[in-house]
Amino acid sequence: MTANGAVAALLEAIPVPCAAFARGDGRLLASNSPYRDAFSGLPGHVHRTRLLAELGDDDHDSGSGGAAPREVHAAHSNRWYALHWGESDAGGEPLSLLTAVDISARIEALDSHRSRQEKLLFTSRLMSVGEMAAMLAHELNQPLAAIVNYLNGSLRLVDQAGGPVQVERALLAARTQAEHAAAVISRVREFIRAREPRRDARDLAQITGTVLELLRLEADRQQLRIELALAPDLPAVYADRVMVEQVLLNLVKNAIEAMREVPAAKRGLRIEGRVNLDGEVEVRVCDRGEGLSAEQGQQLFSPFFTTKSDGLGIGLAICRSIIEYHEGRLFFEPRDGGGSVFGFTLPIADGRG
């Protein structure tokens with residue numbers, strides 16, 4: 001039996017993937033059946049350097065003995081392996097010996113643990129926000145109701161006395177603002193009650209319409225026209241309506257505030273909706289503000305980072321948690337011609353629920 005034949009026979013007795021490569025030129029000299037089952041789908045499995053490159057291991061020196069095991073992902077089989085290397089000689093041929101241990105179960109367990117931690121963090125964030133919102137809603141609801149009642153009484157008195165039209169208009173405007181504030185409080189309270197997300201098929205146009213109605217007065221005050229550009233026949237999204245409304249509300253409010261110092265003639269806010277190349281519904285909120293620096297763009301979604309002098313820095317972080325819960329992603333990019341684009345993706349409802 002040749003030296004290589006003896007090595008092959010020895011490797012065949014080992015139950016995990018093993019292979020022997022020439023230490024000089026890296027060619028495969030011998031391997032066992034588990035190795036061929038695991039890696040023969042890779043064209044480069046017959047050469048050490050090519051094998052490592054196809055497994056995404058940039059440290060090709062790991063083929064030398066004594067190196068620490070390296071964890072790699074075999075994309076062709078979707079398995080994870082820890083690569084252990086050793087050195088030996090067979091009939092005067094210096095060898096690099098590879099043992100590949102399948103660690104897919106351990107990686108899956110770690111991913112599952114990480115997912116549980118992220119869900120726990122998400123729940124903790126929502127509970128904290130919910131507690132603050134519940135307190136504010138309780139404290140503001142009664143004064144707002146009293147304000148609306150006083151304004152209604154004042155309007156009746158003005159009507160009975162035939163008072164000046166200007167006073168009546170001012171009172172009507174004040175009542176409208178108070179009712180708008182009460183509507184916002186109502187939405188917050190609904191958000192608090194929605195502790196258990198309820199995902200089902202939702203019409204994005206309806207969600208967008210609700211948000212724009214809440215922000216209509218703010219947009220009018222800023223002399224800002226909001227352009228809505230949703231693709232025709234946009235499919236329903238698989239989402240919790242209240243949570244997605246909160247995300248879109250936050251992004252549109254941020255866009256309006258970003259243009260506060262911009263001359264009215266240059267302000268422009270556009271909400272786009274389309275199906276992207278990944279088959280997801282993608283929503284984009286595009287403003288004409290001053291934009292953000294590259295450094296700010298990298299930190300935007302970090303908790304407690306804010307570009308506002310009076311901001312808390314939790315809005316975008318919470319939005320990201322909500323969108324990630326929906327299996328989507330929240331993103332930022334500069335807008336061509338100046339300004340910013342904040343967007344998010346949502347899965348299509350077809351076949352789900």
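The Ala105 and Ala68 beta-carbon pair, evaluated with R₀ = 35 Å, returns a calculated FRET efficiency of approximately 0.95. Largest accessible area first, the residues Glu257, Glu213 order themselves as Glu213, Glu257 under a 1.4 Å probe with ligands, DNA and RNA left out.
Hey, if we sort Glu54, Glu108 by accessible area with the 1.4 Å probe, largest down, what's the order? Spell out each step's value before the answer.
Numbers: Glu54 75, Glu108 115 Å².
These residues rank, largest area first, as Glu108, Glu54.
Calculated FRET efficiency, Asp220 to Val275, Cβ-Cβ distance, R0 = 35 Å: about 0.65 to the nearest 0.05.
When the residues Ser104, Ser77 are ordered by accessible surface, computed with a 1.4 Å probe over the protein chains alone, the sequence from largest down reads Ser77, Ser104.
I'm a student and want to see the number: the projected area of the Cα convex hull of the stretch 1-44, averaged over all directions, in nm².
Working: hull surface 13.0 nm².
If you wrap the Cα atoms of the stretch 1-44 in a convex hull and average its projections, you get 3.2 nm².
Classify the stretch 181-290: rounded, prolate or oblate, from the alpha-carbon gyration tensor (a ≥ b ≥ c, eigenvalue square roots; a/c under 1.5 rounded; otherwise prolate if a/b is larger than b/c)? Because a/c hits 1.5 or more and a/b fails to exceed b/c, the stretch 181-290 counts as oblate. If you take all other residues with their beta carbon under 13 Å from the beta carbon of Leu171, and give Lys and Arg +1 and Asp and Glu -1, the sum is 0.
Distance between the 7 Å Cα→Cβ label points at Asn149 and Ala9: 9.9 nm.
Taking 0.36 nm per residue of separation and subtracting the Cα-Cα distance, full extension of the segment from Asp200 to Asp233 would add 10.1 nm.
Local charge for Gly338 was computed over the other residues whose Cβ lies under 9 Å away, with Lys and Arg +1 and Asp and Glu -1, and equals +1. Electrostatic tally near Val16: other residues with Cβ closer than 14 Å to its Cβ, Lys and Arg +1, Asp and Glu -1, net -1.
The values are calculated or read from the model by the stated rules, or taken from the named source; none is laboratory data. Computed from a prediction, not measured in an experiment: that's the story for all the values here. Glycine also receives a Cβ, built like all others from the backbone with ideal geometry; neighbour counts cover every protein chain displayed. Heavy atoms of the whole protein, side chains included, go into the accessibility calculation; ligands, DNA and RNA do not. Shrake-Rupley method; radii C 1.70, N 1.55, O 1.52, S 1.80 Å.
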